[in-house]
Amino acid sequence: MRWLALIWKSLLRSRRRTLLIVGSLVLSVFTVAVLQSLLTTLDSITNNPNSGSRLAVRHKSGITQMLPRSYETFLRQQPEVETVCSLQWFGGYYQDPRNFFANFASDETTIFQTFREEFGLANITEAQVKEYLRDGAGCIVGESLALKNGWKVGDVVPLTGTIFPINPRLTIRLIFKSSRPSDENVLHFHYKVLEEGVPRMKGLTGAFWVRVHRPEDIPRLIERVDRHFANSAYETLTETESAFNLAFVKMLGNISAIIQGITIAVVLAILIVTANTMGTAIRERGAEIAVFRAMGFSASRVLSLLLAEGVLLVGLGAALGLLLAQAAAGGVRSAMGAVMPFFADFEIASATALLCLAGALAVGLLSTFIPAYAATRRPITEGLRSVG
Amino acid sequence: MNANRFDLGGGEPIITLRGIAKSYWREALEIPVLQGIDLEIPVGSFVALMGPSGSGKTTLLNLVAGIDRPTGGTLEVCGHELNDLDDDELAAWRNTHVGFIFQNYNLVPVLTAFENVELPLLLTSLGRRARRERVAEVLALVNLTDKQWNYPRQLSGGQEQRVAIARAIVTDPDILVADEPTGALDAKNAEEVLGLMGRLNADMGKTIVMVTHDPKAAHHARHQIHLEKGVLDRAVEVNR
């Protein structure tokens with residue numbers, strides 16, 4: 001027999017109790033891991049490393065209000081500006097309303113330069129871009145989206161509009177590969193398809209995306225653009241891409257506070273449950289602990305064994321909980337990644353997994369230490385009297 | 001002869017108690033349990049501690065076994081002044097010098113008979129193979145080789161106590177302390193266990209100190225020491 005075998009066998013003395021406590025730990029760690037990963041995913045929306053040199057210019061009254069595309073002229077004239085791209089959320093679906101993904105009408109002439117990191121422009125040939133520009137009914141799609149739907153270059157994708165009363169039939173001219181899965185769950189088509197198909201959209205756009213030469217020019221540019229269009233019929237609100245995305249996240253409410261609140265509640269609950277279970281389990285073994293010590297096991301050695309049991313128990317629960325969370329993350333990616341592109345990046349990051357493991361181990365140590373310490377400090381003779 | 005001083009025959013003393021006292025406190029109230037015990041027990045003795053409930057016999061046994069500390073006097077066992085040892089040193093001392101036999105066997109329910117016997121050896125420097133050999137040896141000695149993979153719940157009371165005895169002797173201690181070792185056994189099993197203890201004393205030279213209420217059990221010892229209200233009352237040599 002080895003020490004680990006002794007610890008393991010002690011842990012299994014009450015299989016039902018061990019199973020229940022491991023089960024509750026699995027659920028707790030699963031919940032915390034998924035919620036914290038959700039938070040990380042939402043954070044990543046506002047912390048896109050490529051967003052530092054882009055601005056969004058939209059109507060001051062809200063994202064549903066349009067701006068004249070003629071504003072583009074002024075924007076282009078600013079010395080800080082590299083490119084300007086009109087972008088309008090189309091909101092169409094392919095074949096089935098449940099088969100929903102991000103699709104935009106965008107300025108085909110500037111979309112690649114404005115979002116060059118997202119499109120993986122370095123891997124796209126000039127001929128491919130030309131092919132897309134040539135075909136007014138062409139579209140470009142991300143690789144993940146194409147794989148999911150079995151699309152290849154040359155296929156026709158009929159989109160059914162939900163916001164706009166048109167159903168464009170688009171031919172795939174380019175499938176791009178990006179560094180982030182969420183950037184690949186998207187389809188872009190020529191802006192003129194929207195303008196020509198929807199008369200009320202003629203000369204209007206939902207937003208301009210502006211790429212600047214130097215990020216440090218952004219504050220000055222924001223101030224100048226909004227001042228220029230102030231008191232016009234279409235006043236603008238210019239903001240960084242991060243701030244723009246944050247506005248979407250904020251529409252979900254104070255998610256961060258809710259998630260942190262739930263996490264704290266779960267951790268406290270499992271701490272209390274584990275402490276109660278370990279306390280009961282250790283108290284029931286008063287005589288056994290006394291016998292161990294009578295045989296020559298020092299108090300610190302017995303304490304170590306009991307702590308090891310607690311740590312092994314929560315470690316097991318945490319590991320299973322993380323495995324379950326990993327499996328769930330895969331499900332979330334495939335089920336929601338197309339609907340909400342940022343969920344395509346959903347994963348249990350190693351930092352989150354480590355945090356959960358560390359938290360679980362802390363719970364194990366905390367919940368075991370107090371009853372174990374008390375039990376090992378109890379006089380041996382007193383412990384032996386608890387026999388029977 | 002001093003009422004608290006007995007001569008249990010010749011031989012080098014392995015247990016020497018001088019002026020041993022033990023009291024418990026309930027708040028400010030001192031409850032003396034043992035008072036001025038002077039006793040020498042020679043190597044190889046088989047001593048039965050007897051007396052009515054509350055006479056202090058189990059307390060005396062606990063002091064000799066190093067699982068309790070006296071409030072007065074000095075205690076030398078196996079050449080060690082136990083008063084001088086700290087808790088960890090005392091634990092190591094117990095592992096080397098003392099084997100325990102309890103009334104309720106106190107086997108670990110989740111370990112097999114073999115593993116229960118192996119437990120004290122985990123604290124020694126023996127390797128796995130040597131441990132297994134030693135455990136097999138003592139299980140054969142108590143005639144339980146065929147039950148070595150049984151769990152305590154799969155053993156009879158007598159078998160459990162024999163496993164407990166095997167666990168007590170596996171480290172080859174100098175002294176065996178037994179607190180009512182037959183208290184939970186029927187007559188047949190009690191006789192078997194006492195016979196085994198007698199052989200350990202006679203054949204292996206183990207010094208045995210046993211607390212018992214049972215005159216039949218005490219008859220297996222070579223000496224009976226009677227305690228009365230915390231003092232040694234009388235010592236009787238058993239004639240067989």
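The values are calculated or read from the model by the stated rules, or taken from the named source; none is laboratory data. All figures in this text were calculated on a predicted structure; none of them were measured in a lab. Reconstructed Cβ throughout: ideal geometry from the backbone, glycine too, with neighbour counts over all protein chains shown. What goes into the accessible areas is simple: the full protein's heavy atoms, side chains included, and nothing from ligands, DNA or RNA. Shrake-Rupley method; radii C 1.70, N 1.55, O 1.52, S 1.80 Å.
Name the single residue that is nearest to the other protein chains (Cβ to nearest Cβ) among those in the stretch A:22-44 being open to solvent by less than 30 Å² (accessible area, probe 1.4 Å) and at pLDDT below 85.
A:Leu39
Read through the list (1) within 14 Å of another protein chain (Cβ to nearest Cβ); (2) in a helix (DSSP H, G or I); (3) of a type in the set (Gly, Ala, Ser), then give the number of the only condition that A:Gly364 fails.
Just one mismatch for A:Gly364, condition (1).
Within the stretch B:162-175, is even one residue under 20 Å from A:Arg293 (Cβ atoms), touching a residue at least 24 places away in the same chain (Cβ under 8 Å) and part of a strand (DSSP E or B)?
yes
Among the residues of the stretch A:176-208, write down those that are over 27 Å from A:Thr125 (Cβ atoms) and of a type outside the set (A, V, I, L, M, F, W, C).
Residues satisfying the conditions are A:Glu195, A:Glu196, A:Gly197, A:Pro199, A:Arg200, A:Lys202, A:Gly203, A:Thr205, A:Gly206.
Does the stretch B:63-79 include one or more residues that are within 8 Å of chain A (Cβ to nearest Cβ), modelled with pLDDT of 90 or more and open to solvent by 60 Å² or more (accessible area, probe 1.4 Å)?
no
Between a first residue in the stretch B:179-196 that is at positive phi and a second residue that is hydroxyl-bearing (Ser, Thr, Tyr), which pairs have beta carbons less than 8 Å apart while being 6 or more apart in sequence or on different chains?
B:Glu180/B:Thr212
Filter the stretch A:282-297 down to the residues that are free of Cβ contacts under 8 Å to residues at least 60 places away in the same chain and not in a helix (DSSP H, G or I), then identify the one that is farthest from the other protein chains (Cβ to nearest Cβ).
A:Glu284
For every residue, the table says whether it meets (1) aliphatic (A, V, I, L, M); (2) within 12 Å of A:Asn103 (Cβ to Cβ); (3) not in a strand (DSSP E or B).
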residue: A:Phe164; (1), (2), (3): no, yes, yes
residue: A:Ile172; (1), (2), (3): yes, no, no
residue: A:Ser178; (1), (2), (3): no, no, yes
residue: A:Asp183; (1), (2), (3): no, no, yes
residue: A:Leu187; (1), (2), (3): yes, yes, no
residue: A:Val193; (1), (2), (3): yes, yes, yes
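Where residues in the stretch B:129-146 are within 14 Å of B:Thr112 (Cα to Cα) and open to solvent by 60 Å² or more (accessible area, probe 1.4 Å), which of them is farthest from the chain's Cα centre (by Cα)?
Within the stretch B:129-146, the match that is farthest from the chain's Cα centre (by Cα) is B:Asp146.
Have a look at A:Ala372, A:Ala329, A:Ala308 and point out the one that is in contact (Cβ under 8 Å) with a residue 12 or more places away in the chain, touching an Asp or Glu at 6+ places or on another chain (Cβ under 6 Å) and part of a helix (DSSP H, G or I).
Matching residue, one of A:Ala372, A:Ala329, A:Ala308: A:Ala329.
Taking the options A:Ala353, A:Ala358, A:Ala372, A:Ala318, name whichever one is closer than 30 Å to A:Thr31 by Cβ, within 16 Å of the chain's Cα centre (by Cα) and away from chain B (no Cβ under 14 Å).
On inspection, the qualifying residue turns out to be A:Ala353.
Restricting the stretch B:95-128 to residues that are open to solvent by 10 Å² or more (accessible area, probe 1.4 Å) and more than 10 Å from chain A (Cβ to nearest Cβ), which is farthest from A:Ala287 (Cα to Cα)?
Checking each candidate, the answer is B:Gly127.
Residues are listed down the side, and each one gets a yes or a no for (1) within 14 Å of chain B (Cβ to nearest Cβ); (2) crowded, with 20+ Cβ neighbours inside 10 Å; (3) of a type in the set (D, E, K, R):
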position	(1), (2), (3)
A:Trp8	yes, no, no
A:Arg17	yes, no, yes
A:Leu20	no, no, no
A:Arg54	no, yes, yes
A:Gly62	no, no, no
A:Tyr71	no, yes, no
A:Pro79	no, no, no
A:Leu87	no, yes, no
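Before we move on, is B:Gly158 touching a helix residue (DSSP H, G or I) at 6+ places or on another chain (Cβ under 8 Å), at pLDDT below 95 and either over 27 Å from B:Ile20 (Cβ atoms) or open to solvent by less than 30 Å² (accessible area, probe 1.4 Å) (or both)?
Yes, satisfied.
Please work out which one of (1) more than 16 Å from the chain's Cα centre (by Cα); (2) more than 10 Å from chain A (Cβ to nearest Cβ) is the condition B:Asp87 fails and give its number.
Answer for B:Asp87: the failing condition is (2).
Tell me, which residue of the stretch A:209-222 that is open to solvent by less than 30 Å² (accessible area, probe 1.4 Å) and over 26 Å from the mean Cα position of the chain (by Cα) is nearest to A:Asn99 (Cα to Cα)?
Result: A:Val212.
Taking the stretch B:165-208, which residues are within 14 Å of another protein chain (Cβ to nearest Cβ) and among the hydroxyl-bearing types (Ser, Thr, Tyr)? I'd like the intermediate steps shown before the answer.
Keep residues of the stretch B:165-208 that are within 14 Å of another protein chain (Cβ to nearest Cβ), which gives B:165-181, B:183-184.
Once the filter is applied, which keeps residues that are within 14 Å of another protein chain (Cβ to nearest Cβ) and among the hydroxyl-bearing types (Ser, Thr, Tyr), the stretch B:165-208 yields only B:Thr171.
Counting just the residues of the stretch A:281-312 that are among the hydroxyl-bearing types (Ser, Thr, Tyr) and touching a helix residue (DSSP H, G or I) at 6+ places or on another chain (Cβ under 8 Å), which one comes out most open to solvent (accessible area, probe 1.4 Å)?
A:Ser300
Can you tell me how many residues in the stretch A:355-388 are open to solvent by 60 Å² or more (accessible area, probe 1.4 Å) and touching a strand residue (DSSP E or B) at 6+ places or on another chain (Cβ under 9 Å)?
Here the count works out to 0.
Taking strands (runs of 3 or more DSSP E) that do not extend beyond the stretch B:1-59, which have at least 3 residues that are under 20 Å from B:Thr71 (Cα atoms) and at pLDDT 90 or above? Give the steps one after another, and end with the answer.
On the way: elements: B:13-26, B:29-42, B:46-50.
Where strands (runs of 3 or more DSSP E) fall fully within the stretch B:1-59 and carry at least 3 residues being under 20 Å from B:Thr71 (Cα atoms) and at pLDDT 90 or above, they are B:13-26, B:29-42.
Which of the following residues is more than 23 Å from A:Phe208 (Cα to Cα), open to solvent by less than 70 Å² (accessible area, probe 1.4 Å) and charged (D, E, K, R): A:Asp107, A:Asp96?
Values: A:Asp107 fails: more than 23 Å from A:Phe208 (Cα to Cα).
Checking each option against the conditions leaves just A:Asp96.
Which one of these does B:Ala92 not meet: (1) open to solvent by 20 Å² or more (accessible area, probe 1.4 Å); (2) more than 8 Å from every other protein chain (Cβ to nearest Cβ)?
Of the numbered conditions (1) open to solvent by 20 Å² or more (accessible area, probe 1.4 Å); (2) more than 8 Å from every other protein chain (Cβ to nearest Cβ), the odd one out for B:Ala92 is (2).
From the list B:Asn143, B:Asn239, B:Asn189, B:Asn201, exactly one residue is within 22 Å of A:Ala294 (Cα to Cα) and at pLDDT below 95. Which is it?
Unique residue meeting the criteria: B:Asn201.
Do you know which of the residues in the stretch A:267-280 that are under 29 Å from the mean Cα position of the chain (by Cα) and touching a residue at least 40 places away in the same chain (Cβ under 8 Å) is least open to solvent (accessible area, probe 1.4 Å)?
That would be A:Ile270.
Please verify whether the stretch A:245-266 includes one or more residues that are surrounded by 13 or more Cβ atoms within 10 Å (Cβ to Cβ), of a type in the set (Ser, Thr, Tyr) and either in a strand (DSSP E or B) or within 14 Å of chain B (Cβ to nearest Cβ) (or both).
No; the residues of the stretch A:245-266 include none that is surrounded by 13 or more Cβ atoms within 10 Å (Cβ to Cβ), of a type in the set (Ser, Thr, Tyr) and either in a strand (DSSP E or B) or within 14 Å of chain B (Cβ to nearest Cβ) (or both).
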